[in-house]
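Worksheet: one structure, shown below.
The values are calculated or read from the model by the stated rules, or taken from the named source; none is laboratory data. Here the structure is a predicted model, which is why all the values come from computation and not from measurement. A quick note on method: Cβ atoms are made from the backbone with ideal geometry, for glycine too, and the neighbour counts reach across all protein chains shown.
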Amino acid sequence: MGKKLKKGEKGAVTNYITRTQAIKKLQISLAAFRRLCILKGIYPREPKNKKKVGKGSTKPQTYYYRKDIQFLLHEPVLQKLREQKVFARRLTRAISKKEYALAKNLEEMKPEYTLDHIIKERYPSFIDALRDVDDALSMVFLFATLPTDDKIANEHVRTCQRLSAEFQHYVLTSRSLRKTFLSIKGIYYQAEIMGQEITWIVPYQFSQNVPTNVDFRVMATFLELYETLLGFVNFKLYSDANLVYPPKVDQQRDEGAAGLGAYVIESTQGQDLLSDLARKEGVSVAGTKADKKKVKQSEKRLKSLGEKISAIASAENDDNEEDLDDAATAAPSDDTETDLPQSLAPATTDEESVPTLQTFAQASTTLTQFQNLFRGCVFYLSREVPRYSLEFVIRAFGGEVGWPSTSGAFSPFSEDDPRITHQIVDRPPVSVDAQAPNAKGVQGEVKRYDKREYLQPQWVYDCVNARRLVKSEGYRQGETLPPHLSPFVVAREGEYVPEVVGMEVDEVEENDAEGEEDEVEIAVADEEEEEEEEEEKDEEEEEASIDSSDEEALHQAELQAEAAGLTFSEFQQQKKKQQKSNSKKAPVAKESAAEKQAREERELAKMMMNKKDKHLYNKIQFGKKRKEEAADKLRQKKAALKQSSGGVKKGRRGA
Amino acid sequence: MAPSTATKTKKSAQPSRKGKKAWRKNTDVGDVEEQLDELRNEVRLGGKIHEKTDDQLFFTDKTGDAELRKKRQNRPLRIEEILKPQSAFDGIRSRPTASSSKSAPPTSIGKVREVSKTIANKIEDLAKRKREEGLGPGSTRALKRRRLDEKKAELKKAKGGFDLWDVEDTTQANDDGYLEPVAVKQVKKPKLPVDRPTAIQAVEITHAGTSYNPTFEDHQAALQVAIDVELAKEKSKAETAKKMSYPAELDELDDETFFDDSEDEEDDLIAEEDIDGGRETDGAMSEAEDGRSHVKPVVSESRKTRAQRNKEARNDQKRREELKAKEEKKLAKQLNRLSELKKQVTKEETARQKKLEEKAKAEAEAAATLTRRVGPHEFKAAPMEIQLTEELADTLRELKPEGNLFQDRFLSLQKRSLIETRVPVSKRLKYKRKEMESHDYKRFK
């Protein structure tokens, strides 16, 4: 017979440790223990069998893994925390004894810990850190908007403001902003950095108060960690983009509430990047002889890059090319170099087809176009619009921003600048009566310029989400805005996707948009029906090609049909049918052999199901059908509306 | 003289001296002649030495050798040699003493002048005061300032002042230059299972209906979500209230039925039966008919004969044998199609394994989105941020933000189980409040 085992020496009991035990083992206070756990990323565990772990008691307790606590024992921060405890004791004693000189000396010797090693340990690679930066960004942006009070030190708020501004600057120089969403909670942003989608939320200004039921010490500890993390992430991002970190802060501008303009972003070659970008309007960069030489060399290199680059470049307008030359020496982060790797993501999600050079080039050009959405647009923000957000979004897509002196100093241009193309306003237009001569004294300041669009701020966000400049109808001053849709919603199969108003500029573009819809559908389709869907898509393509009466197109369609495995007779039948129902897309097209087989197989599978499964399956199918019907209804409604509105327009034209 | 020559001749082997010629040839006279030469030399230098007296030959040296004296004077003492440090390095001093601090080299350039002790002290005081006031580079204040600046710079650097992911330095160089650089052994992070809900995003995107300017459908859908949550809460609350409430049916019950003794009831019944009297037998019959009686009906059966028993036993035996034979046959058959069976078994096993794996995967996925309770308190999500239709703003300017991001972030941490859920505890009074009656009013005049 073996040695008799005592209770609590083997099994689950040995794996866990209660919080009280852990604190005793580490010899620190509860508050310090909490702080250490947060910093090291150690969190409480719930044992599977509480009774076994609690030695018979099921008292509600917090448990940790014993090994985790053992790991904490080696932490240098632990020692520092203990030292801080002693320090606090000595300081209070000195102060209570009124030995102020001693207290001052002590204060200078305060033991402080650093967290760089913890960051390295928790995020061994930069990508790991980027994946976890969402939380850090949200926290830092939140604290940057808070007022300083007894709970939050001024230093923390300043640091958060600096870090958030630095990150925003990186996003706008690398042009990596992708989505924005104005919710009632705050503003969501999504950027794509190094292939990682980074989402963060920024509160509306002056709306945050510190609630009483939030443990502030916990938040402050997280903030401490996240400040360090974001500092290192910013450093890495800046240095990878050949920018100087930390960027210089123009004290005067900062105090004058110049916002993002207070930071001087420089490339490592010592050139001020942002001012270069701002100066692209006609004014050439005043450089030294050496600089000019460099420019010439880079120009030569650019020209010799071959067809591939020229194909990309030709799609961009002249303005773009000029800028390329301008920024050739300044920044590799500007256009050419950063675009190529980023373009991979949309290209792969598009279709399952084999990626060719052409598709890559196309994807990259579309991305470049999106990134320079507001290029050439000059915005003037009225005082009632949120400048902190609009300035960031507009500049992140290549636009220029000015603002009145009431919302901050150091605006690059004034309101009467002739270059301004858009003025963002968010107040009701002055009525005709108010503009009558007796009221002119009051309203005299509001001067309207003819050559500008007066738009509401939602237009900017909707442009970004639609990835193109949407029509300004519905967004003008005083008009009722179309709904602001969330760009984060992914449409499921068969769902109705409402288009953003102003998306369809021409008939051609409308078709385009519909094509996109189909693609979305395909992307989210179930794997089972993938084949079927493809088949459908093929057919649709055929239909589109038949629509055009061109002979060449017809031939092409025939060839495609052959490739798809259709016989000529079938093709002819389809063509006839197509001609019969000319404009209307046939929802129930004649099913192909493969489709038929698939349907039969599905029916067979259904027959083989047991009663319970069959019931469930029928339920699911019923739900799907109902949804589709609802979506169809909406589509029909829209089509009818469009027709009627088109008729009205025509009528107007006629009259 | 003679003995010396004798020893010499003795030493050397003597050659033959037979005959006059040989004698002359082989007799060595060299040493005689040498002696004679020496004598002649002595005569030439002032007389034969052995004829002189001791006084003439020796004198007492009273001055000594100057060279030697010189050498002796500069030679260190043996004891000093022993006490001299053998290493080029300084020894360990526990703390600066008066003697050690004095040995600092003089800083003033030029001629060292001797001054009186009082003046020296005065100068020392002055210098000390100046040092403390922070004048001059080596002053304590300047040193302190520098130290503080260095500390501050180091702290700043550790908050994002270098490329953290580019440093690949696990060795630590020793400053003394003696030992080779040693790789510092890193403490390994224990590999423990991650049982947090990892699928929950750090920044969860809100419902599309919570846009500041939503579509009607989205807004209705969002409202529905919020309503569903509230309804579920209401329902659970009502259920608990119902469980906890005093049931109304209890009031409807009679006191008699509730509190009367059952024995009394039985007695009453018996009394009634007694009154009936003649119906007793009928009652018993009816009981039997109802099948409520507890007595088993007796089945009359005659005993089995020996022959019957034997027959049964035989039959049993036969049946058993048949069964066994059947089993054996089946086994033989199965043995024949062993490979087939094996295939079938493995197929079944893999199917089961696959099913199990799928189940485990589904469970893991579900667990990754579910916030479980850690610690004494359950996680309680904040109510969804939503605005009613009349609250919705027409423009961005008129928007009234809903919810608090501070709370949102805090609850998100709890939701992802990064921290345990806690309930704010109000401060309790340490001592019980004691009520006293003041007697001041009695003394009022």
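Yes or no: the range B:151-172 includes at least one residue that is assigned to a helix (DSSP H, G or I), touching a His at 6+ places or on another chain (Cβ under 7 Å) and more than 8 Å from chain A (Cβ to nearest Cβ). Checked the range B:151-172: no residue is assigned to a helix (DSSP H, G or I), touching a His at 6+ places or on another chain (Cβ under 7 Å) and more than 8 Å from chain A (Cβ to nearest Cβ). Per this entry, A:Leu39 is not counted among residues that are loosely packed, with under 12 Cβ neighbours inside 10 Å, within 13 Å of chain B (Cβ to nearest Cβ) and within 44 Å of the chain's Cα centre (by Cα). Which is closer than 23 Å to B:Ser211 by Cα, of a type outside the set (Phe, Trp, Tyr) and away from every other protein chain (no Cβ under 11 Å), of B:Glu390, B:Glu402, B:Glu398? After applying the criteria, what remains is B:Glu390.
Taking the criterion of being within 11 Å of A:Ile42 (Cα to Cα) and at the interface with chain B (Cβ under 9 Å from one of its Cβ atoms), the residues of the range A:55-78 that qualify are A:Tyr65, A:Lys67, A:Asp68, A:Phe71. Taken over the range A:202-222, residues that are part of a loop (DSSP other than H, G, I, E, B), more than 8 Å from every other protein chain (Cβ to nearest Cβ) and crowded, with 21+ Cβ neighbours inside 10 Å amount to 0. Give the residue that is farthest from the other protein chains (Cβ to nearest Cβ), with candidates limited to residues of the range A:223-245 that are in contact with a helix residue (DSSP H, G or I) (Cβ under 6 Å, 6 or more places away or on another chain) and of a type in the set (Phe, Trp, Tyr). The extreme case among them is A:Tyr226.
Of all the criteria given as (1) more than 13 Å from chain A (Cβ to nearest Cβ); (2) in contact with a strand residue (DSSP E or B) (Cβ under 9 Å, 6 or more places away or on another chain), the one not satisfied by B:Ala381 is (2). The single condition among (1) surrounded by 10 or more Cβ atoms within 10 Å (Cβ to Cβ); (2) on the phi < 0 side of the Ramachandran plot that B:Gly47 does not meet is (2). When restricted to residues that are in a helix (DSSP H, G or I) and either at pLDDT 85 or above or surrounded by 13 or more Cβ atoms within 10 Å (Cβ to Cβ) (or both), the range A:430-463 contains 8. Filtering the range B:418-433 for residues that are more than 7 Å from chain A (Cβ to nearest Cβ), at pLDDT 85 or above and surrounded by 13 or more Cβ atoms within 10 Å (Cβ to Cβ) leaves a non-empty set. Could you say which residue among B:Leu392, B:Leu370, B:Leu399, B:Leu388 is of a type in the set (A, V, I, L, M, F, W, C), part of a loop (DSSP other than H, G, I, E, B) and loosely packed, with under 10 Cβ neighbours inside 10 Å? Answer to the selection: B:Leu388.
Looking at A:Gly259, A:Gly186, just one residue is farther than 30 Å from A:Tyr113 by Cα, surrounded by 20 or more Cβ atoms within 10 Å (Cβ to Cβ) and modelled with pLDDT under 90, and that residue is A:Gly259. The single condition among (1) closer than 30 Å to B:Asp195 by Cβ; (2) surrounded by 18 or more Cβ atoms within 10 Å (Cβ to Cβ); (3) not assigned by TED's automatic domain parsing to the domain that holds A:Met194 that A:Gln79 does not meet is (2).
Being more than 10 Å from every other protein chain (Cβ to nearest Cβ) and within 30 Å of A:Leu30 (Cβ to Cβ): is that true of A:Leu260 here? Talk me through it step by step, then tell me what you get.
Working: more than 10 Å from every other protein chain (Cβ to nearest Cβ): yes; within 30 Å of A:Leu30 (Cβ to Cβ): no.
It is false that A:Leu260 is more than 10 Å from every other protein chain (Cβ to nearest Cβ) and within 30 Å of A:Leu30 (Cβ to Cβ).
Identify the residue in the range A:175-194 that is among the charged types (D, E, K, R) and part of a loop (DSSP other than H, G, I, E, B) and, among all such residues, is nearest to the other protein chains (Cβ to nearest Cβ). Talk me through it step by step, then tell me what you get.
Filtering the range A:175-194 down to residues among the charged types (D, E, K, R) leaves A:175, A:178-179, A:185, A:192.
After this cut, where a residue has to be part of a loop (DSSP other than H, G, I, E, B) as well, the list is A:175, A:185.
Details: A:Arg175: 22, A:Lys185: 5 Å.
For the range A:175-194, the residue satisfying everything is A:Lys185.
Does the range B:46-66 contain at least one residue that is modelled with pLDDT of 85 or more, in a loop (DSSP other than H, G, I, E, B) and among the acidic types (Asp, Glu)? Looking through the range B:46-66, at least one residue is modelled with pLDDT of 85 or more, in a loop (DSSP other than H, G, I, E, B) and among the acidic types (Asp, Glu).
Scanning the range B:210-248 for residues that are over 46 Å from the mean Cα position of the chain (by Cα), among the polar types (S, T, N, Q) and away from every other protein chain (no Cβ under 12 Å) returns B:Gln220, B:Gln224, B:Ser245. Here's a check for you: in the range A:363-375, which residue that is in a helix (DSSP H, G or I) and among the hydrophobic types (A, V, I, L, M, F, W, C) is nearest to A:Leu172 (Cα to Cα)? The residue in question is A:Phe370. Note on the range A:169-181: residues that are under 21 Å from B:Phe406 (Cα atoms) and either in the same structural domain as A:Gly398 (by TED's automatic domain parsing) or surrounded by fewer than 24 Cβ atoms within 10 Å (Cβ to Cβ) (or both) total 1. The single condition from (1) within 15 Å of A:Leu72 (Cβ to Cβ); (2) outside the structural domain of A:Arg82 (by TED's automatic domain parsing) that A:Phe33 fails is (2). Counting residues in the range B:367-377 that are touching a strand residue (DSSP E or B) at 6+ places or on another chain (Cβ under 8 Å), at the interface with chain A (Cβ under 9 Å from one of its Cβ atoms) and free of Cβ contacts under 8 Å to residues at least 40 places away in the same chain gives zero. Conditions: (1) part of a loop (DSSP other than H, G, I, E, B); (2) within 11 Å of chain B (Cβ to nearest Cβ); (3) closer than 25 Å to B:Val194 by Cα. A:Arg34 meets all but one. Number of the miss? If we test A:Arg34 against (1) part of a loop (DSSP other than H, G, I, E, B); (2) within 11 Å of chain B (Cβ to nearest Cβ); (3) closer than 25 Å to B:Val194 by Cα, just (1) comes out false. Total residues in the range A:376-409 satisfying the condition of being modelled with pLDDT of 90 or more, buried (at least 18 other Cβ atoms within 10 Å of the Cβ) and not in a helix (DSSP H, G or I): the figure is 15. Once the range A:247-256 is narrowed to residues that are surrounded by 17 or more Cβ atoms within 10 Å (Cβ to Cβ) and either within 7 Å of chain B (Cβ to nearest Cβ) or not acidic (Asp, Glu) (or both), the residue that is farthest from the chain's Cα centre (by Cα) is A:Arg253.
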